[in-house]
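Undergrad: I have a structure here, written as structure tokens, and I will follow up with some questions on it.
The values are calculated or read from the model by the stated rules, or taken from the named source; none is laboratory data. Please read these numbers as outputs of a predicted model, since none were measured by experiment. Note that we place each Cβ from the backbone using ideal geometry, even for glycine, and neighbour counts take in every protein chain shown.
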Amino acid sequence: MTPDGRSLAGKTALVTGAGAGIGRACALELARRGADLIVNDRPDSSDLEQTAAGVRDLGCSCHMAPADVFCRSGCEQVVESGLRQAGRIDILISNPAYSRRSAFLDYDPDDFERTIQATLTSGFHMAQLVARHLTQRDGGGRIVFISSVQAERPYARSCAYGPAKAALNHLMRTIAVELAPHRVNVNAIDPGWIETPGEHRTFGADVLRQEGARLPWGRLGQPEDIARAAAFLVSDEADYISGTVLTVDGLFRYRDCL
């Protein structure tokens, strides 16, 4: 680590879904550690410029690559734009997801297909495109998927999102094995219940406050908790870690054990 703590200086990171929540926190944390950024969000996002401004305020360059990464063409657009603007990608934080809660018997088939596409398939597309760049350059690299504790535990009214995240974790392990000869570390993070703008829209502040107090850690997770874990996994300190799921949930999985 350099004396000023900017351990990622000279690296360029691509973060998808960086307009808000976990994606924004990851972009800002990597910038604090010296990385230059390529940040992505939907083309209609009003938040991406704010993330980019925050990165630049930390003294790092930031290129915006708005596109719909739920499809292959959108992923291609992001990677092509990022490489054109930044010249290289060393780190990928893959953070696309889509979720609709509903009872299994009533679950809309279109919502099921979109959840799989947005959560699993888009992760494949983005990782493959970045990995091709990393292996052609043959300089190693880091890929981190933002997954979920729902990959490990079934939850009612979530028949698409949990299976999509479980498959994403298995995809991660397969990619990790294949990319090991190229020294590309591939890992995933399973967040627990994280206080994001989306959770506020779904549950409201009062419910989140009450539920956070019931967790073993006494609070909901914050996007910054996930960002610090991501920063560790892409650092030199995690060089011997690949094919691993790092759970960051404040013991959310064990909340019924109290």
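Undergrad: So which of G59, G23, G74 is closer than 14 Å to S94 by Cα and out of contact with any strand residue (DSSP E or B) (no Cβ under 9 Å at 6 or more places or on another chain)?
TA: None of the others qualify; the one that does is G74.
Undergrad: Got at least one residue in the stretch 104-117 being in contact with a helix residue (DSSP H, G or I) (Cβ under 6 Å, 6 or more places away or on another chain), more than 20 Å from I226 (Cα to Cα) and of a type outside the set (A, V, I, L, M)?
TA: Yes: one or more hits.
Undergrad: Continuing with the same structure: Need the failing condition index for A127 against (1) among the small types (G, A, S); (2) modelled with pLDDT of 95 or more; (3) closer than 21 Å to L220 by Cα, just the number.
TA: The number of the failed condition is (3).
Undergrad: Residues to consider are E211, E224; find the one that is more than 24 Å from D36 (Cβ to Cβ) and charged (D, E, K, R).
TA: One residue alone meets the criteria, E211.
Undergrad: Sticking with this one: Does T202 satisfy the criteria of being within 28 Å of Y240 (Cα to Cα), out of contact with any helix residue (DSSP H, G or I) (no Cβ under 8 Å at 6 or more places or on another chain) and polar (S, T, N, Q)?
TA: It is false that T202 is within 28 Å of Y240 (Cα to Cα), out of contact with any helix residue (DSSP H, G or I) (no Cβ under 8 Å at 6 or more places or on another chain) and polar (S, T, N, Q).
Undergrad: Here is a follow-up. Kindly provide the set of residues from the stretch 201-223 that are modelled with pLDDT under 90 and either touching a strand residue (DSSP E or B) at 6+ places or on another chain (Cβ under 6 Å) or surrounded by 13 or more Cβ atoms within 10 Å (Cβ to Cβ) (or both), ordered by number.
TA: Correct list: F203, E211.
Undergrad: Restricting to the stretch 58-100, and then to whatever is part of a loop (DSSP other than H, G, I, E, B) and among the aliphatic types (A, V, I, L, M), can you tell me which residue is surrounded by the most Cβ atoms within 10 Å (Cβ to Cβ)?
TA: Of everything passing the filter in the stretch 58-100, V69 is surrounded by the most Cβ atoms within 10 Å (Cβ to Cβ).
Undergrad: Could you tell me whether S122 is assigned to a loop (DSSP other than H, G, I, E, B), out of contact with any Gly (no Cβ under 6 Å at 6 or more places or on another chain) and within 15 Å of A97 (Cα to Cα)?
TA: No; evaluated as a whole, the condition is false for this residue.
Undergrad: Any idea which residue in the stretch 238-252 is farthest from I91 (Cα to Cα), counting only those that are touching a Pro at 6+ places or on another chain (Cβ under 7 Å) and part of a loop (DSSP other than H, G, I, E, B)?
TA: L251
Undergrad: Kindly list, by first and then second residue, each pair from a residue in the stretch 223-247 that is touching a residue at least 24 places away in the same chain (Cβ under 8 Å) to a residue that is among the hydroxyl-bearing types (S, T, Y) and assigned to a loop (DSSP other than H, G, I, E, B), limited to pairs with Cβ atoms under 6 Å and residues at least 6 apart or on different chains.
TA: Partner pairs satisfying both residue conditions: S235/S7.
Undergrad: Going by what's in this entry, would Y98 be described as at pLDDT below 95 and among the aromatic types (F, W, Y)?
TA: It is true that Y98 is at pLDDT below 95 and among the aromatic types (F, W, Y).
Undergrad: Quick one: is A238 in contact with a Leu (Cβ under 6 Å, 6 or more places away or on another chain) and closer than 24 Å to A31 by Cα?
TA: No; evaluated as a whole, the condition is false for this residue.
Undergrad: Continuing with the same structure: Which residues, counting only those in the stretch 174-194, are over 16 Å from the mean Cα position of the chain (by Cα) and farther than 18 Å from S122 by Cβ?
TA: A176, V177, E178, L179, A180, P181, H182, R183, V184
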